[in-house]
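The block underneath contains the structure these notes are about, expressed in structure tokens.
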Amino acid sequence: NEVERLMFGDWGPKVFRGVPFVLVDPQGGRAANVIMLHGPQGALPPGMPRSVSLPVNSPAAAIHLLGGVSGWGFPYGREPTTSLIVRLHYHDGKTEDHELKNGEHLADYIRRVDVPGSEFAFDLGGRQLRYLSVQPQRTEPIERLELVKGDDVTAPVVMAITVETRK
């Protein structure tokens, strides 16, 4: 649905708060360019995955997310439920979870709605993309990062991720 798409005027790299993000050009709908996780409502979200893993293979100072939005998010659902978990899998087998809450970190994408745990980043034809980051608690190398659907009715969306490596 054209009205529900998150479309930039161009798909070149974007910078927000000094953090570069590389976007994937959807090539007129021929290429998948966002991560949307499972949600129980609508036509598309019920068929989306409940988790997605991405390789990191590096120690990280921060994981920067261009997203912070969901379908059926705040203010539609006002309870601070877990919408998305950023799970870090370290090379030693240990994991670390960062829970992102609806109404605190994530808001509905359909219009600008501010929440305290993320920052408005881009207006995409009246729809919003937000910025937030998580800081790993450990200095060891992260093998992969997993985005896991939380236990609520939202359908979280992530447009881009930048891993800030440790110096």
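The values are calculated or read from the model by the stated rules, or taken from the named source; none is laboratory data. All values reported here derive from a predicted model rather than from experimental measurement. Because the Cβ atoms are built from the backbone with ideal geometry, glycine has one as well, and the counts that use them run over all protein chains shown. To get the accessible areas, we keep the full protein, side chains included, count just its heavy atoms, and leave off ligands, DNA and RNA. Shrake-Rupley method; radii C 1.70, N 1.55, O 1.52, S 1.80 Å.
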### Message
So G93 passes all but one of these: (1) of a type outside the set (V, I, T); (2) surrounded by fewer than 16 Cβ atoms within 10 Å (Cβ to Cβ); (3) on the phi < 0 side of the Ramachandran plot. Which condition number does it fail?
### Response
(3)
### Message
Kindly evaluate G93 against the criterion of being assigned to a loop (DSSP other than H, G, I, E, B) and within 15 Å of the chain's Cα centre (by Cα).
### Response
no
### Query
Checking Y76 against (1) buried (at least 16 other Cβ atoms within 10 Å of the Cβ); (2) not in a loop (DSSP other than H, G, I, E, B), which single condition isn't satisfied?
(2)
### Message
Quick check on this structure: which one of L23, L84 is aliphatic (A, V, I, L, M), at pLDDT 95 or above and in contact with a Phe, Trp or Tyr (Cβ under 7 Å, 6 or more places away or on another chain)?
### Response
L23
### Query
Listed residues K101, K94, K14; which is farther than 19 Å from I161 by Cα, at pLDDT 95 or above and out of contact with any His (no Cβ under 8 Å at 6 or more places or on another chain)?
K94
#### Entry: Failed condition for P156, given (1) part of a strand (DSSP E or B); (2) modelled with pLDDT under 95
(2)
### Which listed residue is free of Cβ contacts under 8 Å to residues at least 24 places away in the same chain, open to solvent by 40 Å² or more (accessible area, probe 1.4 Å) and either within 14 Å of L65 (Cβ to Cβ) or in a strand (DSSP E or B) (or both), from D123, D114
D123
